[in-house]
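Have a look at the structure below, then the notes.
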Amino acid sequence: MLIRIFHQEVYVGKETMCTVDGLHFNSSYNARVKAYNAVGVGPYSKTVVLKTSDGVAEGGITKGATVGVLLDLTKRTLTFYINQQQHGPTAFESLEGVFVPAVSLNRNVQVTLMTGLEVPKNSKQ
C-alpha cells in the first residue's frame, strides 16, 4: 500500500494501517491510496479528506516519567498515576478474580518495572 498526502509519499509498505506524524491540529489533508502486489500497481483511489483533532492532544508520558499502577485488593480498584499524580479517575472498580500483570509498549520505548513503591500521598487510601 502507498499513501500520498499533498503529493508526498508518507507510507509505503505491506501494512494496511499507518500513522502519519508531523500533521498540524485543526487541519484538513487530502490523501490517496494506491495498492500494489506481485502483479503490479493499481490506480490511486479517489481523494479522501482527512481532518485532524481541533486541539493539541495531551502530551502523554514523557521520557523518565514514573507510571504507577495501584491495585488495591481491599477496595478492589485499579488506579493509574504519572509521577505520583493520579491520572484520570479510578480505572476499574469492583474487581474480582485473578490478576495477571501485562505491559503494552509503543516502539522505541524502554521500561523498568519496579515493585514495592510507596503509595502516592494524594491517594485516597
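Where strands (runs of 3 or more DSSP E) sit wholly within the stretch 24-125, those with at least 1 residues that are of a type in the set (D, E) and in contact (Cβ under 8 Å) with a residue 12 or more places away in the chain occupy 67-72.
It is to be established whether one or more residues within the stretch 27-46 are surrounded by 12 or more Cβ atoms within 10 Å (Cβ to Cβ) and of a type in the set (D, E, K, R). Yes, there is a match, as at least one residue in the stretch 27-46 is surrounded by 12 or more Cβ atoms within 10 Å (Cβ to Cβ) and of a type in the set (D, E, K, R). Taking the conditions (1) closer than 30 Å to Q8 by Cα; (2) modelled with pLDDT under 85; (3) surrounded by 10 or more Cβ atoms within 10 Å (Cβ to Cβ) in turn, A57 satisfies each one other than (3). For the stretch 68-84, a tally of residues being more than 18 Å from V100 (Cβ to Cβ) and surrounded by fewer than 13 Cβ atoms within 10 Å (Cβ to Cβ) returns 1.
The values are calculated or read from the model by the stated rules, or taken from the named source; none is laboratory data. Remember, it's a predicted structure, so these values are computed and weren't measured experimentally. For neighbour counting, all protein chains shown are included, and Cβ atoms are generated from backbone atoms with ideal geometry for every residue, glycine included.
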